[in-house]
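First up is the structure itself, then whatever we jot down about it.
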Amino acid sequence: MADFLEKLMPNIMYKPEVYVRSIKETLVMLGWSGAVSFLLGMFLGVVLIVTQRGGVMENRAVNQVFDKLINFFRSIPFIVLLAGLIPLTRLLMGTAIGVKGAFVPLVFGTTPFFARQVEAALAEIDKGVIEAALASGSGTAGIIFRVYLRESIASITRATTITIISLIGLTAMAGAVGAGGLGDFAIRYGHQRNQIDVTYVTTLTLVLMVSVIQVIGNFIARKNTR
Amino acid sequence: MITLEHVSKTFRAQAGEIEAVKDVSLDIGQGEIHGVIGFSGAGKSTLVRCMNLLERPDSGKVFVDGAELTALGKRELRDARRRMGMIFQQFNLFASRTALENVAYPLRYGALSKGAADRKARELLSFVGLDDKEGAYPSQLSGGQKQRVAIARALANDPVALLCDEATSALDPQTTHSILKLLKELNARLGITIVVITHEMQVVKEICGRVTVMENGEAVESGDVFSVFANPQKSITRDFIDTTTNISKITALIEEGHELTALKPDERILKFKYVEKTAAEALVSTISRRFGVDVNILFANLDWIEGAPLGEMISVVSGRSADIDAAMEFMRERSVSVEVILNG
Ligand SMILES: Nc1ncnc2c1ncn2[C@@H]1O[C@H](COP(=O)(O)OP(=O)(O)OP(=O)(O)O)[C@@H](O)[C@H]1O
Ligand SMILES: [Mg+2]
């Protein structure tokens, strides 16, 4: 068995610990920046919805500021964001390289994308339902947590799935500029040293990650669709 | 119970300003079922939404159960809203919650524990006749069942008033009837004041004690249902009443010169109309016996409102002119208005 694997992917088997470490790094980047982007994006999506015209906390100024800010960051290509955020990253994290250095640009690259999707998910909820909740005495917090978020579990799950998948893509790109992880592994060995099996195995690993996330996401979304 | 004083509401839209409600004053008594009728865009929904301040009036005051809602702070307003239930044309149930969870929604996070809230919700579901549906999601319920769940939810906090915005407009006639019956029942059993927004006079006729007619944001006519039906003051009110009768067809028949309306010299087409609450009497057979006139009924639309006959009848009456005159006089003495539509 080991012989066979060694034949199939000699370069991976030669340094399996590097491969395993890159997977770990990717998961760490994914976990931290994913969790923070999820919370921030949720918050921003909710703010966009409740402050919009006719929202339960209507506020044109706040709405416009966040709307423009999100548009601004969404329009910057990730590779430019990586470079542009270096000073801020250094300030916040103490370094601009490695897994730690990737955190800030990943959050900036993901949050606006996710916030828009949360906004779209919440916008699907019928105004009449909000009104019924208001009429029954719900306050702003009740409307947000017991109506908006509760009623949109399925669509927010779908948005989260898409976002995590796109975040996996971003971590690979961040890897290419020194953040570590599977992207870094594939570039350094697969590309620069022409170890083709590394490229294939990395690709396969990423495909597997994406598939697992998609399956879990679909399952949760289906469970919550009424 | 619900009092509006000079309530106005104007919306600013791209097309300009829309005065949805103009200086409406209204007094809805405790235990009353009050209808608000008007054509689409008349401002009915806006008016009823002003009653629980889902829409804040630009001017005027709103009182519910003695408290001035328009003077309350956010927190107190939420408490005041709990004392009023509201149901809607589109039901507006929470799709992700079961029937039971929908009904329990207004209860949780309040004073009740989850167990107590569920028990109460179960009682309410049973009151609206849905004991067996507590685990069903709204998508698994029919329109009538959804509205019953919505009614149960609206009753969760033992409200003093129930606001119904076109609650039956999305339902078929039979389901409409059963929902109206339910509303009537909870008015009788729990003494809840009910405001019924509708564009169907039939609904007003079926359950309301009093009615307000709205046109272009104004309350143009208001009174108890019987007298509004018997003596409508505004043409829009007459239009609404006509939608519940076929009496107006006679005009069309006369215009097209239908053979029914080709009268002989000793015939007249008369319109009889009950205008006051009178005891039911066999008036038609009485006059034909007493005065020797023949009465051929063309159209009749008689209804019972608050235990008295109400409605109109159009007949060809034939006989000697003096006898017809005497019969008409007799009817008038019985508080039935008589109008000559066509002379032979
Ligand atoms: N939020 C709003 N913004 C702008 N205009 C509004 C708003 N709500 C209502 N209107 C306008 O106010 C007027 C009255 O509307 P309202 O919904 O009260 O009528 P309605 O009598 O309930 O009609 P329908 O029978 O169609 O429900 C309409 O011209 C409507 O377009
Ligand atoms: Mg309406």
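The values are calculated or read from the model by the stated rules, or taken from the named source; none is laboratory data. All figures in this text were calculated on a predicted structure; none of them were measured in a lab. In this analysis, Cβ positions are derived from the backbone assuming ideal geometry, glycine residues included, and neighbour counts consider all displayed protein chains. Each accessible area value is taken on the protein alone, full model and side chains, heavy atoms only, with ligands, DNA and RNA left out. Shrake-Rupley method; radii C 1.70, N 1.55, O 1.52, S 1.80 Å.
The table below lists the values:
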quantity: Test for B:Val62: is it touching a Leu at 6+ places or on another chain (Cβ under 7 Å) and within 12 Å of ligand 2 (Cβ to nearest atom); calculated: no
quantity: Within segment B:40-59, tally of residues that are of a type in the set (S, T, N, Q) and away from ligand 2 (no atom under 12 Å from the Cβ); calculated: 2
quantity: Count of segment B:156-179 residues which are more than 12 Å from chain A (Cβ to nearest Cβ) and not aliphatic (A, V, I, L, M); calculated: 10
quantity: Elements of type helices (runs of 4 or more DSSP H) contained in segment A:68-149, each with 2 or more residues being open to solvent by less than 30 Å² (accessible area, probe 1.4 Å), under 30 Å from B:Asn92 (Cα atoms) and within 14 Å of chain B (Cβ to nearest Cβ); calculated: A:98-123, A:127-135
quantity: Sole residue being away from ligand 1 (no atom under 16 Å from the Cβ), open to solvent by 50 Å² or more (accessible area, probe 1.4 Å), part of a helix (DSSP H, G or I) and not small (Gly, Ala, Ser), chosen from B:Asp118, B:Asp132; calculated: B:Asp132
quantity: Complete set of residues in segment A:204-226 that are at pLDDT 90 or above and either of a type in the set (Lys, Arg) or open to solvent by less than 60 Å² (accessible area, probe 1.4 Å) (or both); calculated: A:Thr205, A:Leu206, A:Met209, A:Val210, A:Ser211, A:Ile213, A:Gly217, A:Ala221, A:Arg222, A:Lys223, A:Asn224
quantity: Boolean, B:Asn102 is within 11 Å of another protein chain (Cβ to nearest Cβ), within 26 Å of the chain's Cα centre (by Cα) and closer than 16 Å to A:Gly128 by Cα; calculated: no
quantity: Answer from B:Leu107, B:Leu77, B:Leu93 - the residue that is of a type outside the set (S, T, N, Q), out of contact with any helix residue (DSSP H, G or I) (no Cβ under 6 Å at 6 or more places or on another chain), touching a residue at least 24 places away in the same chain (Cβ under 8 Å) and within 10 Å of another protein chain (Cβ to nearest Cβ); calculated: B:Leu77
quantity: Filtered residue count, segment A:150-183, keeping only those that are in contact with a helix residue (DSSP H, G or I) (Cβ under 6 Å, 6 or more places away or on another chain), within 14 Å of chain B (Cβ to nearest Cβ) and not β-branched (Val, Ile, Thr); calculated: 3
quantity: Selection from segment B:299-317 of residues that are surrounded by fewer than 19 Cβ atoms within 10 Å (Cβ to Cβ) and not in a loop (DSSP other than H, G, I, E, B); calculated: B:Phe299, B:Ala300, B:Asn301, B:Leu302, B:Asp303, B:Trp304, B:Ala308, B:Pro309
quantity: Residues (more than 7 Å from ligand 1 (Cβ to nearest atom), within 27 Å of A:Arg53 (Cα to Cα) and open to solvent by less than 30 Å² (accessible area, probe 1.4 Å)) located in segment B:11-50; calculated: B:Gly16, B:Val21, B:Val24, B:Val48, B:Cys50
quantity: Residue in segment A:187-203 that is open to solvent by 10 Å² or more (accessible area, probe 1.4 Å), of a type in the set (Asp, Glu) and within 28 Å of A:Val18 (Cβ to Cβ) present; calculated: yes
quantity: Candidate set from segment B:58-91 (those that are among the acidic types (Asp, Glu) and either at pLDDT below 90 or under 19 Å from B:Leu47 (Cα atoms) (or both)); member that is surrounded by the most Cβ atoms within 10 Å (Cβ to Cβ); calculated: B:Asp65
